[in-house]
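Colleague: Would you mind keeping the following structure in view while I ask a few things?
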Amino acid sequence: TSVESPQRITLLGATGSIGQSTLDVLARHPSRYRVYALTAHRKVDALAALCQTWQPEVAVVATASDAQRLQELLRDGAAATTVRYGAQALADVAAAPAVDTVMAAIVGAAGLLPTLAAVRAGKRVLLANKEALVMSGAIFMEAVAEHGATLLPIDSEHNAIFQCLPNGTPVSLTATGIDSLVLTASGGPFLQASAAELAAVTPAQAVKHPNWSMGQKISVDSATLMNKGLELIEACWLFSATPDQVEVVVHPQSVIHSMVRYADGSVLAQMGQPDMRTPIAHALAWPERISSGVAALDFTRMGSLSFEAPDSTRFPCLRLAREAICAGGTWPCVLNAANEVAVAAFLAGELSFQGIAEVIEAVMQQMPVRPASELATILSADQEARACATRYIAAQSALASD
Ligand code: NAD
Ligand code: MG
């Protein structure tokens with residue numbers, strides 16, 4: 001093969017759904033890839049098992065006591081792995097000189113600093129952690145340009161769009177003859193639910209996605225359509241698109257992963273099974289192609305493909321995300337932070353399903369739009385929005401129990 005020395009990889013969020021799919025692809029190409037570091041938050045046992053298999057140079061967990069436990073678990077099977085913990089360790093393994101490629105697959109705002117560290121070290125960055133880009137879009141993309149990082153989208157929609165663009169990402173969509181980007185949305189598990197049914201949705205129902213198997217937070221985001229809202233913002237930054245150049249269409253079968261509409265009337269689509277190993281393998285090997293373990297699409301068994309407009313009355317989160325990116329500045333960060341707090345409260349049984357959008361809208365109304373050209377401004381907007389969301393939820397539940 002053309003590959004002489006293996007690409008060395010840091011996998012941020014190794015114990016998650018994307019982490020697992022990434023390791024599945026890497027295992028199919030042992031001469032092409034080597035794991036440098038694996039990270040996890042609290043799943044120490046799961047990370048220990050991965051370290052036994054992959055023998056990384058470094059493993060990172062959240063706390064000192066987790067690190068101590070991991071060290072003990074590794075004493076026999078992976079004694080050569082250095083165990084570290086905390087935010088600095090995450091940034092270090094993302095930026096380490098020995099690393100070529102970083103898979104950013106931590107969920108939520110916790111992924112921002114390590115992902116930025118990888119970008120600033122000029123790595124090839126495979127971006128699953130959309131929240132990082134939503135929070136910090138302008139400075140994130142400036143850092144990509146300034147440090148010569150290679151940014152490749154893992155989110156299936158953005159990976160699809162990337163594949164439908166001519167030669168990677170254009171500087172200007174219109175100058176490239178592109179009219180718009182079309183994000184497809186499955187519509188989530190409650191596509192057909194009435195407003196009354198939505199009011200009674202439980203966390204267990206919300207995390208059961210019809211087409212994709214994913215982590216809890218993104219599964220709830222898919223059910224509220226906030227996932228598509230975050231993806232709209234993500235698309236604007238990744239592809240230098242204005243919000244009105246990004247369309248959203250509901251396509252419940254999740255066969256078309258997204259599309260690009262050209263000035264001459266052509267629409268290019270990327271299709272495949274709803275399996276994240278396809279975009280992961282694409283980004284790992286780009287511009288080459290490798291096998292991913294994903295089954296072939298069988299057109300004769302697929303049935304019909306359907307499309308409809310999203311309903312922003314039952315699913316206001318998509319509208320809120322559009323408002324946030326149109327306002328710009330710190331608002332996408334505020335939207336994301338309020339959503340993270342609201343989703344956690346919903347999963348804990350402290351907030352109704354429709355309460356998620358209410359919390360986000362209330363927090364946005366209380367938080368001013370500030371210019372987001374400094375990382376410090378973004379981090380403080382994130383903290384303020386979280387505090388604001390927490391207060392709002394507490395006040396609502398105090399009212400309800402009166
Ligand atoms: P997940 O919950 O399954 O895994 C999250 C990973 O992040 C775990 O390894 C966890 O240990 C780690 N983590 C969580 N909190 C952390 C913290 N505070 N500090 C450090 N590490 C932490 O999530 P997932 O479904 O794999 O999603 C990961 C990211 O990829 C998300 O941003 C999600 O939006 C995006 N994404 C996922 C899918 C999918 O199919 N799962 C598809 C597209 C995009
Ligand atoms: Mg997606």
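The values are calculated or read from the model by the stated rules, or taken from the named source; none is laboratory data. Please read these numbers as outputs of a predicted model, since none were measured by experiment. Cβ atoms come from the backbone with ideal geometry, glycine included; neighbour counts cover every protein chain shown.
Colleague: Among the residues of region 228-247, count how many are within 12 Å of ligand 2 (Cβ to nearest atom) and free of Cβ contacts under 8 Å to residues at least 40 places away in the same chain.
Modeller: Of the residues in that region, 0 qualify.
Colleague: In addition: If we keep just the residues of region 151-192 that are more than 15 Å from ligand 2 (Cβ to nearest atom) and of a type in the set (Val, Ile, Thr), which is farthest from VAL25 (Cα to Cα)?
Modeller: Out of the qualifying residues, it is THR174.
Colleague: For the subset of region 101-144 comprising residues that are polar (S, T, N, Q) and touching a strand residue (DSSP E or B) at 6+ places or on another chain (Cβ under 6 Å), which member is surrounded by the most Cβ atoms within 10 Å (Cβ to Cβ)?
Modeller: Here the answer is THR115.
Colleague: Let me ask another. Please give the number of the condition ARG34 fails out of (1) in contact with a strand residue (DSSP E or B) (Cβ under 9 Å, 6 or more places away or on another chain); (2) within 12 Å of ligand 1 (Cβ to nearest atom).
Modeller: (2)
Colleague: Quick one: ALA145 ticks every box in (1) without any contact (Cβ under 8 Å) to a residue 12 or more places away in the chain; (2) within 16 Å of ligand 1 (Cβ to nearest atom) except a single one, so which number is it?
Modeller: With (1) without any contact (Cβ under 8 Å) to a residue 12 or more places away in the chain; (2) within 16 Å of ligand 1 (Cβ to nearest atom) applied to ALA145, the lone miss is (2).
Colleague: Also, I was wondering about something else. Quick one: what pairs do we get from region 198-224, first residue touching a residue at least 12 places away in the same chain (Cβ under 8 Å), second part of a loop (DSSP other than H, G, I, E, B) and basic (Lys, Arg), C-beta under 8 Å, 6+ apart or different chains?
Modeller: LEU198/ARG314; SER219/LYS208
Colleague: While we're looking at this one, here's another question. Grab the strands (runs of 3 or more DSSP E) fully contained in region 1-86, keeping just those with 3 or more residues being out of contact with any helix residue (DSSP H, G or I) (no Cβ under 9 Å at 6 or more places or on another chain).
Modeller: Those strands (runs of 3 or more DSSP E) do not exist here; none qualify.
Colleague: Sticking with this one: Just one of GLY108, GLY122, GLY148 is within 16 Å of ligand 2 (Cβ to nearest atom), of a type outside the set (Val, Ile, Thr) and on the phi > 0 side of the Ramachandran plot; which is it?
Modeller: GLY108
Colleague: Residues that are on the phi < 0 side of the Ramachandran plot and within 12 Å of ligand 1 (Cβ to nearest atom), at least 2 per element: which helices (runs of 4 or more DSSP H) completely within region 197-255 meet that?
Modeller: Ranges flagged: 216-224, 226-238.
Colleague: For region 170-187, state whether one or more residues are touching a Lys or Arg at 6+ places or on another chain (Cβ under 8 Å) and β-branched (Val, Ile, Thr).
Modeller: Yes, region 170-187 contains at least one residue that is touching a Lys or Arg at 6+ places or on another chain (Cβ under 8 Å) and β-branched (Val, Ile, Thr).
Colleague: Only residues in region 269-296 that are of a type in the set (Phe, Trp, Tyr) count as the first member; pair them with residues that are surrounded by 19 or more Cβ atoms within 10 Å (Cβ to Cβ), Cβ under 9 angstrom, at least 6 apart or cross-chain, and list the lot.
Modeller: TRP286/ARG124; TRP286/LEU152; TRP286/PHE162
Colleague: Of the numbered conditions (1) assigned to a helix (DSSP H, G or I); (2) away from ligand 1 (no atom under 15 Å from the Cβ), VAL93 satisfies every one except a single condition; which is it?
Modeller: Evaluating VAL93 over (1) assigned to a helix (DSSP H, G or I); (2) away from ligand 1 (no atom under 15 Å from the Cβ) leaves (2) as the failure.
Colleague: Let me confirm something: among ALA94, ALA49, ALA27, ALA98, which residue is in contact (Cβ under 8 Å) with a residue 40 or more places away in the chain and either surrounded by fewer than 22 Cβ atoms within 10 Å (Cβ to Cβ) or of a type in the set (Phe, Trp, Tyr) (or both)?
Modeller: ALA98
Colleague: In region 363-378, which residues are part of a helix (DSSP H, G or I), in contact (Cβ under 8 Å) with a residue 60 or more places away in the chain and over 19 Å from CYS326 (Cβ atoms)?
Modeller: LEU375 - this is the single residue of region 363-378 that is part of a helix (DSSP H, G or I), in contact (Cβ under 8 Å) with a residue 60 or more places away in the chain and over 19 Å from CYS326 (Cβ atoms).
Colleague: When the residues of region 244-282 are narrowed to those that are touching a Ser or Thr at 6+ places or on another chain (Cβ under 6 Å) and among the small types (Gly, Ala, Ser), which ends up surrounded by the fewest Cβ atoms within 10 Å (Cβ to Cβ)?
Modeller: Taking the candidates together, the pick is SER254.
Colleague: Follow-up question, since we're still on this one. Among the aromatic types (Phe, Trp, Tyr) and more than 14 Å from ligand 1 (Cβ to nearest atom): is that true of PHE190 in this structure?
Modeller: yes
Colleague: If we keep just the residues of region 128-138 that are touching a residue at least 60 places away in the same chain (Cβ under 8 Å) and in contact with a Ser or Thr (Cβ under 7 Å, 6 or more places away or on another chain), which is farthest from GLU231 (Cα to Cα)?
Modeller: Ranking the candidates gives ALA138 first.
Colleague: Right, another one. Could you tell me which numbered condition SER17 fails, if it satisfies all but one of (1) at pLDDT below 95; (2) within 13 Å of ligand 1 (Cβ to nearest atom)?
Modeller: (1)
Colleague: Just wondering, is there one or more residues in region 267-289 that are under 29 Å from ARG314 (Cβ atoms), in contact with a Gly (Cβ under 7 Å, 6 or more places away or on another chain) and outside any helix (DSSP H, G or I)?
Modeller: Checked region 267-289: no residue is under 29 Å from ARG314 (Cβ atoms), in contact with a Gly (Cβ under 7 Å, 6 or more places away or on another chain) and outside any helix (DSSP H, G or I).
Colleague: So, one more: Taking the condition of being more than 20 Å from LEU127 (Cα to Cα), small (Gly, Ala, Ser) and under 18 Å from the mean Cα position of the chain (by Cα), how many residues in region 241-295 meet it?
Modeller: Count: 1.
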